[in-house]
Amino acid sequence: MWFQEATMSSIRILSDQVANQIAAGEVIERPVAVVKELVENCIDSGATRIEVEFRNGGKSYIRIEDNGKGMSPDEALIALERHATSKIREADDLKKISSFGFRGEALPSIASVSRFTLRTRTEGWAHGTEIVINGGKLIDKKDCGMPVGTVIEVAHLFNSVPARRKFLKTDPTETAHITYTTRLFAVAHPNIAFRLLENQRTIFQSPACEQLKDRIAEIWNRQLAQDLIPVNAVDESKGYKLSGLTAKPGVGRSTRRELVTLVNRRPVDNRALGFAVLDAYHGRIQKGRYPPAFLFFEISPQEIDVNVHPGKREIRFLDEGSVRRFVLGAISQALTETNKESLASKISAKPESAIKGATPALSHPVTEPIPVPAISPPAPAKVTTVKKEPIPHPKPSLERAAPAPETIAKEQSHWRLITLLKKRYALFQTPNGLVMLHLRRAHQRVRFEHIRKTFKSESTTSQNLLIPNLMELEPLAADALKKHLNLLNSNGFVIEEFGRHLYRIEAIPSWLELKHAENFLCDLIDLVRQREGSRQTDTMIWDAVAKISIKESYQRQDHLSEEAAEALARSLLTCETPHTSPDGKPTFNEISWNEWERRMGVRS
């Protein structure tokens, strides 16, 4: 009864200010949400130029300026009321939304948790209008001079809501979110010129582009643009259209951040689209990798629901199965055509006799004591191997091998190769029985321990690049690389800052191939970011780095000679942990002669 009485006596209508702050908690989670909502309004206003400026990760200051159609004085005041919108009129309009903003909550929500300044002018007015609101309270309204368009300044975000402000992340983290989101808008609208500034310094600037690939090259990086192929497909019966760029076969990333899907030019997350893209790359990239892609899916507004998330980050399709099949088929067809073109170019580039006589082989055969065969050698035109100091690689004592060092030491010289099977296994005869060796896992173990020992040695062998590689990173990734730059540079890399979020790779470790260097560093950065906040040691990092590095180990399509297979077995048995791969899978399995006799019913 006391609970009922307390509840009944405390029910009241919230003030508009409190209601707006509650709404802001749903719509405006962090500074990037402010940027997202305001840029969407800029696009809806017909702007052809949008400028975004911020400071301290957007916490202290955000400015969004556009050259759209602007607002009249009366419209400017109405726009700051809750649920004031020009995009919809009745409930049925929610079923056919074609604009980006439509709820009418963004501006009043933002104004309720910041010092908010709006300046706007529309055609037909000799002056603009300036409105200042602080914490949801109107401070001033006056005329001002300005060109047609709108400028919104948001200062001291969440100062009036300290509980919300304390949950914000560090400035670099919030900066990274703003940069990434602005990049998404720039990719989604190549016809609009974008400029992004942090602390009055330009992060990126891109004029209007006719080609999507040009926009990606400008705001992401040129290497990524070169790794993409076009996708174009239409299903007129369903009103579906898919266009954009997707990764070439074999090009993958360790995270989904470069797998961008846009529905009616709105960057969204949708499981159906994401899984369709991943299914199309099944067998075409390594397991656990994600293809970079920038895909524009167009569909009738009646077929989607964009009102299922307060921040409009997610959408729901009326027929997800049909959408998934269409996207999967379109990307699969593009990849198949690319493979055909690539094969045709290779055949035309080589004489027939060379093709028939070609025999793929490991570029660096396995040799004792700790061989690290590479699948393909570094490009001689670009790389010169320069050794700082020779690395001592003493043959490890067999007494360290686990779990049965005495047995391995005794039998090491008695493994006799019988045959290679299915390009995956090697069958050996030993005094105790038959051993089936898994070539890839054995090669991974040998390479893993070699790299780990290289990290632990006092000096590292490096190969200097004749032409340094430039690598452009997003702010959060650049910050992670900067924190661990000394660790990398003391282990075979020579990397230096070359500009804002730009790094120059001048040398790489001898065990790393040039063509894999950039992907390796991107994977390493993702790994470091995932482990931020944990008590990690350099050893933990390098063990994980070594696991990344073995992805390019022996594959079934490679050819391994019998001599190389025997050398690989000898090298494996000198490892500290020869029985398992770095992933914990068995490298070999032995069936004793006694077991064979039991199975054959032979009595000893």
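Assorted remarks:
- Nearest-0.05 FRET efficiency for residue 489 and residue 255, computed from C-beta distance (R0 30 Å): 0.80
- Theoretical gain in end-to-end length, residue 419 to residue 589 [0.36 nm per residue, Cα-Cα removed]: 59.7 nm
- Linear extension gain, residue 576 paired with residue 464, 0.36 nm per residue minus alpha-carbon span: 37.2 nm
- Unsatisfied cross-links (Cα-Cα over 27 Å) in the set 248/585; 238/287; 59/137; 169/453; 169/287; 36/241: 248/585; 238/287; 169/453; 169/287
- Residue 593 sits with roughly 90 Å² accessible to a 1.4 Å probe, with DNA, RNA and ligands left out of the calculation.
- For the range 461-535, the Cβ-based charge dipole about the Cα centre amounts to some 220 debye (Lys, Arg positive; Asp, Glu negative; other atoms uncharged).
- The packing ranking of peptides 231-240, 445-454, 570-579, highest mean first, is 445-454, 570-579, 231-240, where packing means the average number of other beta carbon atoms within 10 angstrom of each residue.
- Of all accessible heavy-atom area on the range 191-303, the percent that carbon and sulfur account for (1.4 Å): 42
- Largest accessible area first, the listed residues 438, 414 line up as 414, 438 when surface is computed with a 1.4 Å probe on the assembled protein chains.
- Distance in nm between pseudo-label sites at residue 436 and residue 337 (7 Å out along the Cβ direction from Cα): 4.4
- Spin-label pair residue 429/residue 598, simplified geometry with 7 Å Cα→Cβ offset, distance in nm: 2.3
- Pair residue 142, residue 282: separation of 7 Å Cα→Cβ label points (nm): 6.6
- Using 0.36 nm per residue and subtracting the Cα-Cα separation, the extra length available between residue 214 and residue 167 on full extension is 13.2 nm.
- Loop-located GluC sites (Glu not before Pro) in the range 114-185 (DSSP state not H, G, I, E or B) with no more than 11 neighbouring Cβ atoms inside 10 Å: 123.
- Here the range 241-293 is treated with +1 on each Lys and Arg Cβ and -1 on each Asp and Glu Cβ, and its dipole about the Cα centre works out to around 60 debye.
The values are calculated or read from the model by the stated rules, or taken from the named source; none is laboratory data. Everything numeric here is computed off the predicted structure, so don't read it as measured data. Quick reminder, even Gly has a Cβ in these numbers, built from the backbone with ideal geometry, and neighbours come from all protein chains shown. The accessibility values were calculated without ligands, DNA or RNA, using every heavy atom of the protein model including side chains. Shrake-Rupley method; radii C 1.70, N 1.55, O 1.52, S 1.80 Å.
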